[in-house]
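The values are calculated or read from the model by the stated rules, or taken from the named source; none is laboratory data. All values reported here derive from a predicted model rather than from experimental measurement. A quick note on method: Cβ atoms are made from the backbone with ideal geometry, for glycine too, and the neighbour counts reach across all protein chains shown.
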Amino acid sequence: MEAYIQMLKEQNPEMAKYFEMMQPMMEKKETIEETPFIDLELEEKIKKMKRINQKLFAIIEELKAQLNFELSQNDDIAKAIGACTECFGENIDCTECFGTGKPGNNVPDFILFNKYVQPAILKYNKHYFNKN
């Protein structure tokens, strides 16, 4: 490392000044690294923080999985009603439909329509039109 720094100093005399100013700092770091000091209280805090981080990472992974499921379900519902999967036709700045992808704009997916929409229509009709 010192040979490399010496070469840089010779190649660029202006940088030599900066290297000379940094030399004492580099020497201090070397002495600090040589004398390890173990603070048991600090070590316990580090272990506790690691456990907390592991729990947080697990929560984040669960949230990612849930988000992916929700996004997939949202896409399926948009396809079932023939709407834009990005914005349902609500955003004129949408890169997919430019705000024109409202429900019914595209041909609904037959299978998804029967899965999500048809049961709701049957329930609606039964509730509002078949009152006996």
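Test PHE110 against the criterion of being among the aromatic types (Phe, Trp, Tyr) and more than 24 Å from the chain's Cα centre (by Cα), and give yes or no.
Working: among the aromatic types (Phe, Trp, Tyr): yes; more than 24 Å from the chain's Cα centre (by Cα): yes.
Judged against the criteria, PHE110 is a match.
What pairs come out if I take residues in region 116-128 that are of a type outside the set (Asp, Glu) and pair them with residues that are exposed (fewer than 10 other Cβ atoms within 10 Å of the Cβ) and at pLDDT 95 or above whose C-beta lies under 6 Å away, six or more apart or interchain?
none
For region 97-123, which residues satisfy the criterion of being of a type in the set (D, E, K, R) and at pLDDT 95 or above? Steps first, please.
Let us first name the residues in region 97-123 that are of a type in the set (D, E, K, R), namely 102, 109, 115, 123.
Within region 97-123, LYS102, ASP109, LYS115 meet the criteria.
Pick out the one residue from ASN106, ASN125, ASN114 that is out of contact with any helix residue (DSSP H, G or I) (no Cβ under 9 Å at 6 or more places or on another chain) and not charged (D, E, K, R). Break it down into steps so the answer makes sense when it comes.
Values: ASN106 fails: out of contact with any helix residue (DSSP H, G or I) (no Cβ under 9 Å at 6 or more places or on another chain); ASN114 fails: out of contact with any helix residue (DSSP H, G or I) (no Cβ under 9 Å at 6 or more places or on another chain).
Going through ASN106, ASN125, ASN114 in turn, the sole match is ASN125.
Name the single residue that is surrounded by the fewest Cβ atoms within 10 Å (Cβ to Cβ) among those in region 80-132 being touching a Phe, Trp or Tyr at 6+ places or on another chain (Cβ under 8 Å) and assigned to a helix (DSSP H, G or I).
Initial filter on region 80-132 (touching a Phe, Trp or Tyr at 6+ places or on another chain (Cβ under 8 Å)): 80-81, 92, 101-103.
If we keep only those that are assigned to a helix (DSSP H, G or I) as well, we get 80-81.
Values: ALA80: 20, ILE81: 18.
Only one residue fits best here, namely ILE81.
Please find, among ILE59, ILE52, ILE38, the residue that is modelled with pLDDT of 70 or more, over 30 Å from ALA120 (Cα atoms) and not in a helix (DSSP H, G or I).
Matching residue, one of ILE59, ILE52, ILE38: ILE38.
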